[in-house]
Amino acid sequence: MSLYEINLQREILREKSAEILADFNKYMRENNINYSNNEIKNPIVALYYNVIEIYNNIFTPKYKDILKLEAVNGKLDLAKEILKNSYLQKENYIKFKEFYEEYTKLSFLDFEELISNAKDEKEKLFFNMLLQYFMENNFNKVLREEKY
């Protein structure tokens with residue numbers, strides 16, 4: 001794939017992430033969800049920050065090949081689907097929050113097993129997103145506690 005085609009795909013994904021961020025902002029405003037503090041306890045906010053990371057870094061070398069862009073597209077689809085389901089039924093949010101709280105208690109090896117046993121690519125992406133967020137959040141927590 002040429003550099004032009006990769007950059008075109010990046011542009012498309014940047015627009016897609018902007019649209020999803022607008023939907024997240026609207027949802028969080030309507031549901032009085034605070035996302036301004038550093039301690040993230042709401043899974044919707046965790047997804048929001050993942051989409052922000054994609055939006056801000058889509059043109060960095062981190063996303064320079066088509067496989068990574070395809071993975072990003074899957075993450076954005078997943079975030080949009082979760083948000084859509086949250087709009088459709090508040091019960092989905094409660095179930096997702098319970099699910100999230102339960103799964104963040106798992107170890108790295110438990111996550112690896114979940115990922116390897118996932119039924120499809122969407123489920124693998126979902127568990128990978130949770131694992132990535134969980135690891136980043138714990139790393140940042142350690143840095144704050146150690147005052148770095």
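The values are calculated or read from the model by the stated rules, or taken from the named source; none is laboratory data. Computed from a predicted model, the values in this text were never measured in an experiment. Glycine gets a Cβ as well: all are built from the backbone with ideal geometry, and neighbour counts include every protein chain shown. Just the protein is used for accessible areas: all its heavy atoms, side chains included, with ligands, DNA and RNA removed. Shrake-Rupley method; radii C 1.70, N 1.55, O 1.52, S 1.80 Å.
The table that follows gives values for the structure above.
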read-out: The lone exception for ASN42 - which of (1) touching a helix residue (DSSP H, G or I) at 6+ places or on another chain (Cβ under 8 Å); (2) modelled with pLDDT of 90 or more it fails; value: (2)
read-out: Extreme residue, least open to solvent (accessible area, probe 1.4 Å), among residues of region 67-97 that are farther than 14 Å from ASP23 by Cβ, modelled with pLDDT under 90 and among the hydrophobic types (A, V, I, L, M, F, W, C); value: PHE96
read-out: Residue within region 25-33 that is surrounded by fewer than 16 Cβ atoms within 10 Å (Cβ to Cβ) and under 16 Å from the mean Cα position of the chain (by Cα) present; value: yes
read-out: Test for LYS147: is it open to solvent by 90 Å² or more (accessible area, probe 1.4 Å), on the phi > 0 side of the Ramachandran plot and not aliphatic (A, V, I, L, M); value: yes
read-out: Scope region 99-118; condition under 19 Å from the mean Cα position of the chain (by Cα), without any contact (Cβ under 8 Å) to a residue 24 or more places away in the chain and open to solvent by 90 Å² or more (accessible area, probe 1.4 Å); matching residues; value: GLU102, LYS105
read-out: Conditions (1) exposed (fewer than 14 other Cβ atoms within 10 Å of the Cβ); (2) at pLDDT below 90; (3) in a helix (DSSP H, G or I): number failed by GLU5; value: (2)
read-out: Odd one out for ILE12, checked against (1) buried (at least 16 other Cβ atoms within 10 Å of the Cβ); (2) at pLDDT 95 or above; (3) more than 17 Å from the chain's Cα centre (by Cα); (4) of a type outside the set (S, T, N, Q); value: (1)
read-out: Flag if TYR63 is at pLDDT 90 or above and open to solvent by less than 30 Å² (accessible area, probe 1.4 Å); value: yes
